[in-house]
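Worksheet: the structure to be examined is printed underneath.
The values are calculated or read from the model by the stated rules, or taken from the named source; none is laboratory data. Not measured: the values here are computed from a predicted model. Backbone-built Cβ (ideal geometry, glycine too); neighbour counts: all protein chains shown. The area values use the complete protein model at the heavy-atom level, side chains included, leaving out ligands, DNA and RNA. Shrake-Rupley method; radii C 1.70, N 1.55, O 1.52, S 1.80 Å.
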Amino acid sequence: MSLTASLAAGGAGFAGAAALTGLVRAALQRHGVMDRPNERSSHARAVPRGGGIAVVGVLLAAWLALWLGDACHGCGALFWVALAGALGLAAVSWLDDLRGGLSALLRLLAQIAAVGAGIASLPGEGLVFQGAVPALVDHALAAAAWLWFVNLFNFMDGIDGISGVEGASLGLGAFLLALLGLVPAELGPLGLALAGVSLGFLLWNWNPAKIFLGDVGSVPLGYLAGWLLLALAAAGAWQAALLLPAYYLADATFTLCRRLLRGRRIWQAHREHFYQRVVAAGWSHGRTATLIAGHNLLLVGLAVASQQGPIAAWAALAAGALLVAGLLWYLQAAARASCGASEQV
């Protein structure tokens with residue numbers, strides 16, 4: 001892996017996202033594109049919505065530059081399909097951010113189209129399950145997992161800083177795995193570009209946020225991060241691909257299942273995720289995002305450890321499961337404790 005190319009991609013992503021987000025924010029304010037608080041919001045004032053225009057634009061430019069250059073020669077001839085899919089999702093999501101009212105079915109169909117086409121862009125043979133199932137079944141399962149990840153990334157974008165923290169963690173994990181020679185080298189620059197862009201956006205989105213991603217950011221960002229995770233799994237690092245987003249996977253999946261059991265619409269906005277409940281109970285966005293960032297760094301370490309042999313792999317997965325379960329328990333306990341203290345006052 002070219003360390004120079006990786007550092008250049010990360011640095012350019014950081015600087016580009018930081019600068020362009022400021023320009024986009026000013027334009028959104030001029031045109032009145034604002035996210036106004038309602039009963040399901042975790043913020044109390046109107047904030048410009050649409051920072052994803054800058055984030056996704058810079059990330060797509062960085063990934064395209066890496067693909068056209070020598071730093072991503074192993075990404076495959078169809079890598080452009082994934083980039084086009086992200087661009088298409090950004091366009092559909094931006095229409096929804098502007099006008100609202102786009103049906104859930106229309107958005108889902110756009111995501112299915114992007115994911116279905118994007119499966120062909122995975123590097124190598126693109127077999128995420130390493131030949132354990134027939135290729136057609138492998139692609140179908142990978143597409144379903146990717147589709148879920150796109151949506152959960154969008155669902156989890158509910159407080160200041162959380163999406164930037166998650167994007168930076170996933171990108172850093174992919175970079176370290178490539179740097180240590182545990183996955184194909186071309187995934188390193190792509191990961192560091194994702195991390196750089198996410199950190200650049202965090203300058204504007206950290207609590208108190210001056211701008212939000214909007215669906216134009218969270219949907220295609222989840223799509224591109226999902227591609228990177230599937231590429232890790234297709235390269236044999238499936239344990240790492242599970243560990244890196246483990247908190248997002250657990251919080252979103254558990255919350256979705258709980259809402260389904262209660263007969264609620266899973267696509268409707270709400271404040272029932274673990275991180276949202278602790279914020280509603282009185283924690284600041286910054287404190288919550290910092291806690292998640294710390295746990296994500298531990299998951300990055302476990303992802304690296306998981307590639308040190310079969311015993312290490314299973315031990316890392318077990319440790320990751322305990323770590324995430326502990327975080328969910330802690331957030332729930334903290335939310336209950338804060339609510340109880342408020343009631344006593």
Quiz item: Out of all the residues in segment 259-278, which are over 23 Å from residue 219 (Cα atoms) and open to solvent by less than 50 Å² (accessible area, probe 1.4 Å)?
Solution: 278
Quiz item: Being among the aliphatic types (A, V, I, L, M), open to solvent by 50 Å² or more (accessible area, probe 1.4 Å) and modelled with pLDDT under 95, is that true of even one residue in segment 237-246?
Solution: no
Practice problem: Enumerate the pairs (first residue in segment 150-169 and touching a residue at least 60 places away in the same chain (Cβ under 8 Å); second residue anywhere and open to solvent by less than 10 Å² (accessible area, probe 1.4 Å) and part of a loop (DSSP other than H, G, I, E, B)) with beta-carbon separation below 6 Å, excluding pairs fewer than 6 apart on the same chain, so at least 6 apart or on different chains. | Solution: 157/213; 160/209
Practice problem: Kindly indicate the residue of segment 299-345 that is polar (S, T, N, Q) and farther than 25 Å from residue 165 by Cα and also modelled with the highest pLDDT among those meeting that condition. | Solution: 308
Practice problem: Quickly run through segment 187-208 and pick out the residues that are over 14 Å from the mean Cα position of the chain (by Cα), farther than 12 Å from residue 175 by Cβ and open to solvent by less than 30 Å² (accessible area, probe 1.4 Å). | Solution: 200, 205
Quiz item: What pairs come up if the first residue lies in segment 319-331 and is under 23 Å from residue 279 (Cα atoms), the second is open to solvent by 60 Å² or more (accessible area, probe 1.4 Å), and their beta carbons are under 8 Å apart, counting only those six or more places apart or on different chains?
Solution: 323/298; 328/254; 331/277
Self-check item: Failed condition for residue 211, given (1) closer than 25 Å to residue 328 by Cα; (2) β-branched (Val, Ile, Thr); (3) over 13 Å from the mean Cα position of the chain (by Cα)
Solution: (1)
Quiz item: Among 26, 12, 17, which is at pLDDT 95 or above, surrounded by fewer than 20 Cβ atoms within 10 Å (Cβ to Cβ) and under 28 Å from residue 177 (Cβ atoms)?
Solution: 12
Quiz prompt | Condition met for residue 66 (closer than 21 Å to residue 195 by Cβ, among the aliphatic types (A, V, I, L, M), over 18 Å from the mean Cα position of the chain (by Cα) and open to solvent by less than 20 Å² (accessible area, probe 1.4 Å)) | solution = yes
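Table: residues versus (1) open to solvent by 10 Å² or more (accessible area, probe 1.4 Å); (2) aliphatic (A, V, I, L, M); (3) under 23 Å from residue 151 (Cα atoms); (4) more than 15 Å from the chain's Cα centre (by Cα).
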| position | (1), (2), (3), (4) |
| --- | --- |
| 181 | yes, no, no, yes |
| 220 | no, no, yes, no |
| 229 | yes, yes, yes, no |
| 250 | yes, yes, yes, no |
